[in-house]
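Contents: one structure, followed by commentary.
The values are calculated or read from the model by the stated rules, or taken from the named source; none is laboratory data. For clarity, every value in this text was computed on a predicted model and none was experimentally measured. Virtual Cβ from ideal backbone geometry, glycine too; neighbours counted across all protein chains shown. Side chains included, ligands, DNA and RNA excluded: accessible areas come from the protein's heavy atoms. Shrake-Rupley method; radii C 1.70, N 1.55, O 1.52, S 1.80 Å.
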Amino acid sequence: MTMAGPPEIKQLLDLSARIGNDALLVQASSGNTSIKLGDTLWIKASGKWLAHAAAAEILVPVDLAEFREKGNVNHPGASIETAMHAVLPHRVVIHVHSVNALAWAVRLDARERLAERLNGLDWSWIPYVNSGLPLAQAIEASIHAQPNATVFVLANHGLVVCGESCAAAEDLLHEVEQRLAVPARTSAGFDEGFLSEIVAHFHWTAPDSTALHALATDPVSRRILRDGVLCPCQAVFLGTRIASTQDCEGLSEPPAFAIVEGRGVLTSLRISASQRAILNGLLEIVQRIDAAAPIRYLSDDEVSTLLNEDAHRYRLCAEQNAAGPKSRSNQ
């Protein structure tokens, strides 16, 4: 459905476009929005980019009565998070991968630290579970315990806010963002000359963003990345370990990026738009994590569960949708 539909749909699409074009909230095809109209849940389709909501068909309808009967969603194009949106009683649901929220949500002491900042809001902490039905079940259990909750912080995953209208949900999102805002660390410059010598001999290039070099020049960020995987999108789009340029010699398929310790970051010539967006988001997260913060990384089992055939299809779909409708129509 496009903006020619009910006015509530246009409001959701406008909201989705605003959110999707804010890289501190959404990266690539991550995040999703939904609205319940009667017995139909309109939700962003899997692999679609919220940023394209103003010009592309990004929503799919899901029969809520069928969901309640079967306890699952069988729509082939629906987001993996459809069940979570369906169990939430609120009319409008916004799920984002906010870098500010994630900077807190990857901490072992997240629940306690968030309580300080979200005091006065009806909010709930959701320990990490897999996306899909496990997450929906965790959200549903949380609602039973806290029926008034409109804010849900998902460990190692992101943020969900709810409201009875698009405006109410967006206002709540902005309030939560203000409360969770963390300034990013500044870091030293990068060694452009040294990196240029490497680029001349290998299939690498300097990243579009000079800020990205902080992943290599900031010791705190290097350590955080070295010690594990922070969130699902990192594993799905960027892999499970941080490579150096030496690690990549002779590989037929180099990773999306590599770190030259203390010197800077190089990106693969084959890096996709989705990978670039996720990488820039990862930078924003780690630059906001305090140096002394105790971090909860995804376990090996959790990462293994993520890297399945569905994740591969999702990544391909996200990359196919990266160009947006106008570019694709000219191909």
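Things to note:
- Within the stretch 115-125, tally of residues that are over 13 Å from residue 296 (Cβ atoms) and either in a strand (DSSP E or B) or touching a strand residue (DSSP E or B) at 6+ places or on another chain (Cβ under 7 Å) (or both): 5
- Of residues in the stretch 12-35 being free of Cβ contacts under 8 Å to residues at least 60 places away in the same chain and not hydroxyl-bearing (Ser, Thr, Tyr), the one most open to solvent (accessible area, probe 1.4 Å): 21
- Here 169, 184, 214 are screened, and the one residue that is at negative phi, touching a Cys at 6+ places or on another chain (Cβ under 7 Å) and open to solvent by less than 70 Å² (accessible area, probe 1.4 Å) is 169.
- Cβ pairs under 7 Å, 6+ apart, first in the stretch 36-59 and acidic (Asp, Glu), second part of a strand (DSSP E or B): 39/63
- On the stretch given as the stretch 227-243, residues that are open to solvent by less than 20 Å² (accessible area, probe 1.4 Å) and of a type in the set (Asp, Glu) total 0.
- Looking only at the stretch 150-186, residues that are among the basic types (Lys, Arg) and not in a loop (DSSP other than H, G, I, E, B) come to 1 in all.
- Test result for residue 89, touching a Ser or Thr at 6+ places or on another chain (Cβ under 9 Å), surrounded by fewer than 24 Cβ atoms within 10 Å (Cβ to Cβ) and over 24 Å from residue 231 (Cβ atoms): no
- Options 108, 102: the member that is surrounded by fewer than 24 Cβ atoms within 10 Å (Cβ to Cβ) and aliphatic (A, V, I, L, M): 108
- Taking the criterion of being part of a helix (DSSP H, G or I) and under 25 Å from residue 313 (Cα atoms), the residues of the stretch 14-55 that qualify are 16, 17, 19, 20, 50, 51, 52.
- Among the residues making up the stretch 115-132, those that are closer than 16 Å to residue 305 by Cα and crowded, with 17+ Cβ neighbours inside 10 Å are 128, 129, 131, 132.
- Of the criteria (1) within 26 Å of residue 11 (Cα to Cα); (2) assigned to a helix (DSSP H, G or I); (3) in contact with a helix residue (DSSP H, G or I) (Cβ under 6 Å, 6 or more places away or on another chain), which one residue 104 fails: (1)
- The conditions of being without any contact (Cβ under 8 Å) to a residue 24 or more places away in the chain, closer than 24 Å to residue 314 by Cα, open to solvent by less than 30 Å² (accessible area, probe 1.4 Å) and in a helix (DSSP H, G or I) are met by residue 138.
- Tally, over the stretch 278-306, of residues that are under 16 Å from the mean Cα position of the chain (by Cα) and at pLDDT below 95: 1
- Scan the stretch 187-210 for residues that are in a helix (DSSP H, G or I), open to solvent by 60 Å² or more (accessible area, probe 1.4 Å) and of a type outside the set (Val, Ile, Thr) and the total you get is 6.
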